[in-house]
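Here's the structure we're looking at; comments come further down.
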Amino acid sequence: MPTVYVTRKMHFNAAHRLHNPDKSDAWNQETFGKCNSPNYHGHNYNLEVTVAGEPDPETGYVIDLGDLKQIINERVIEKVDHKNLNLEVDFMEGVLPSTEHFVIAIWNELEGALPSGQLHCVRLYETERNMAEYRGE
């Protein structure tokens, strides 16, 4: 059977601040600009999770997209939606919440939780123009 890739797209809103506590305030302001605001700032994130595998001969599914939606909701969306990534999200504790770090953390939350198929790719759109993609190690 050929490998098929199926993707579920989800949306959430979250706030964060890019600030490296090991660096000076001047360094943080110069490096991160508006993203270093001490009052945080928010994004309307779009998340795409792609699962790869062979379609099941009985269902034709690589993974039931309803099941995938539920897993993403439970493991990611419910934890991050309308939250402050720096202060309220357990799997981001101690992590500088750049889009690059965030997409890896989301991957780690989903890895091993799928009933079928293999996690292939996680894409996180911070804005319409800025996106990070992670495909595991």
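Quick note: the coordinates plus some simple rules give every number you see, no bench work behind them. Note that the structure is a prediction, hence the values are computed from the model and not measured. We place every Cβ from the backbone using ideal geometry, glycine too, and count neighbours over all the protein chains shown.
Given only helices, namely DSSP H runs of n ≥ 4 each adding -39500 (n - 2.57), what is the per-residue ellipticity at 222 nm of the chain, to the nearest 500 deg cm²/dmol?
Roughly -6000 deg cm²/dmol at 222 nm, from the helical runs in the chain.
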So for the pair Ser98, Asn39, with labels modelled 7 Å out along Cα→Cβ, what separation do we get in nm?
2.6
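For His82 and Asn20 in the same chain, what is the full-extension length gain: residue separation times 0.36 nm, less their Cα-Cα distance, in nm? It would help to have the intermediate numbers written out before the result.
Numbers: separation 62, 0.36 × 62 = 22.32 nm, distance 2.27 nm.
Gain on stretching His82 to Asn20: 20.0 nm.
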Quick one: Tyr125, Tyr5, Tyr40, fewest Cβ neighbours within 10 Å first, how do they rank?
Tyr5, Tyr40, Tyr125
Would you kindly derive the ³J(HN,Hα) couplings of region 11-16 from the backbone phi angles with the Karplus curve 6.51 cos²θ - 1.76 cosθ + 1.60 (θ = phi - 60°), listing them in order in whole Hz, with x for Gly and Pro?
9, 7, 10, 7, 10, 7
Using the count of nearby Cβ atoms within 10 Å as a rough guide to exposure, how do Trp107, Trp27 rank from fewest to most?
Trp27, Trp107
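So between Gln70 and Glu54, what do we pick up on full extension, going 0.36 nm a residue minus the alpha carbon distance?
Between Gln70 and Glu54, full extension yields 3.7 nm more.
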In the chain, lysine pairs with alpha-carbon atoms under 24 angstrom apart (chain gap of 8 or more, or interchain):
7
The set of residues whose placed amide H lies less than 5 Å from the amide H of Cys121, leaving out same-chain residues fewer than 5 positions away, is Thr50
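So what's region 4-134 giving for Cα Rg divided by 2.2 N^0.38 Å, two decimals? All intermediate terms of the calculation are to be shown ahead of the outcome.
Values: Rg = 16.4 Å, N = 131, 2.2 N^0.38 = 14.0 Å.
My calculation over the Cα atoms of region 4-134 gives 1.17.
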